[in-house]
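Report on the following structure.
The values are calculated or read from the model by the stated rules, or taken from the named source; none is laboratory data. Since we're looking at a predicted model, the values are computed, not measured. Here the Cβ is made from the backbone with ideal geometry for all residues, glycine too, and neighbour counts use every protein chain on show.
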Amino acid sequence: MSFTPQTRNQPAVDAGIDHITLSVGDAHARAAEFVDRYGFEVIAAGETPEFTAVAVGQRDVVLLLLEGRTDDHPATLFTARHGDGVSDIALRVAESDRPALEAFGDVTHTFVSRTAGEPWSLPGIEPVPAEETAETTEPAGRHLLRVDHIAVCLETGELDGTVEFYRRELGWRVVFEEDIHVGAQAMQSKVVQSPNTLVTLTLLQPMSGAVPGQIDDFLKKHGGGGVQHLAFAVPGIVEAVADLGSAGVRFLATPDSYYEDLEERLGSSGYAVEELRKHNVLADRDHDGELFQIFTRSEHPRRTHFMEIIERRGATTFGSNNIRKLYEAVERQDRA
């Protein structure tokens, strides 16, 4: 584990996440899943000869479900290669006259500038009046605050080049890095972050020479590098998991043995161990505080893309000890 100072070729670009585009086979169906299960509401929509789009929002999170209607539309091509998944991480910046960047795999960064308080829209995608989305989104309860981080799987040998891309193009830097070993499997991780800390990308690649593991499996099933999961921050993870579970979100199970010495390993926590066990929540601690996290079961036909729910109580790292538990749980799911 280390923190790496970075030299920059240009002034660093402060940015936030304006929206995340998921290219999908059925925009309305996928939007309905996020509304019904996660408590989003439809905020904008568009229908053109080229695409169908539905934008759903919740506090600082906007997801754009984009369905191509022509054979050569980028969303059509993306889903043909990868199935439904993240195809664009749109960055909100002061000036939007930047050309789109090809980031990793088939994922791009487009740049958006907005006036504070204006209704969310894009060319061909218009705001939906609030009265048209007045249906309650309980029981999911609208717990999501923002995108905490985005986890990216890369082919072996691509990690350093991807880090250099972010340093060169945006002036971003590595804020955390480590090697993670799970039995005979191993992976390397570097976390790239915007200067204002509003955008955090956790970049992972399999370690050369290690036994193939879950990242290798993602790369094979996905057809190359891409976004493995989106992590959503919540104010209280136990309440969030209970509500989301009631709304139909399926979470990965955690073996009881994980909790047997949890208090001994971490000390007293903001949650009772039995409360964490009941909801399969993982806990970790770093030099700044605690974090609690849980991962959803992948509902993707290829079992690639999934979500994370995370609560931070001061912690600034990413639950490295829990990554091992995640991959063990994913492997159990794949064997089921």
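The set of residues from region 301-336 being at pLDDT 70 or above, farther than 25 Å from Leu22 by Cα and not hydroxyl-bearing (Ser, Thr, Tyr) comprises Arg312, Arg313, Gly314, Ala315, Gly319, Asn321, Asn322. Flag: Leu22 matches the condition of being in contact with a Leu (Cβ under 7 Å, 6 or more places away or on another chain) and assigned to a strand (DSSP E or B). For region 234-248, a residue qualifies if it is of a type outside the set (Val, Ile, Thr) and crowded, with 23+ Cβ neighbours inside 10 Å, and the qualifying residues are Ala240, Leu244.
Given the residues Val249, Val211, which is the only one that is part of a loop (DSSP other than H, G, I, E, B), among the β-branched types (Val, Ile, Thr) and touching a residue at least 40 places away in the same chain (Cβ under 8 Å)?
On the way: Val211 fails: touching a residue at least 40 places away in the same chain (Cβ under 8 Å).
Going through Val249, Val211 in turn, the sole match is Val249.
Can you name every residue in region 214-229 that is over 18 Å from Ile89 (Cα atoms) and either free of Cβ contacts under 8 Å to residues at least 40 places away in the same chain or in a helix (DSSP H, G or I) (or both)?
Result: Gln214, Ile215, Asp216, Asp217, Phe218, Leu219, Lys220, Lys221.
With the structure loaded, tell me whether Ser208 is at pLDDT below 95 and closer than 26 Å to Arg167 by Cβ or whether it fails that test. It is true that Ser208 is at pLDDT below 95 and closer than 26 Å to Arg167 by Cβ. Exactly one residue among Leu282, Leu262, Leu276, Leu266 is closer than 24 Å to Cys153 by Cβ and assigned by TED's automatic domain parsing to the domain that holds Val182, and that residue is Leu282.
Could you tell me whether Asp14 is touching a Pro at 6+ places or on another chain (Cβ under 7 Å) and assigned to a loop (DSSP other than H, G, I, E, B)? Yes: the conditions hold for Asp14.
Close Cβ contacts (under 8 Å, 6 or more residues apart or on different chains) running from residues in region 55-68 that are touching a residue at least 40 places away in the same chain (Cβ under 8 Å) to residues that are among the basic types (Lys, Arg) comprise Gln58/Arg142; Arg59/Arg142; Arg59/Arg146; Asp60/Arg146; Val61/Arg146; Leu65/Arg30.
Picking from Val112, Val107, which residue would you name as being within 16 Å of the chain's Cα centre (by Cα) and closer than 26 Å to Gly225 by Cα? Just one listed residue meets the conditions, Val107.
If you scan region 289-309, which residues turn out to be crowded, with 21+ Cβ neighbours inside 10 Å and in contact with a helix residue (DSSP H, G or I) (Cβ under 7 Å, 6 or more places away or on another chain)? Across region 289-309, the qualifying residues are Phe292, Gln293, Ile294, Phe295, Thr304, Ile309.
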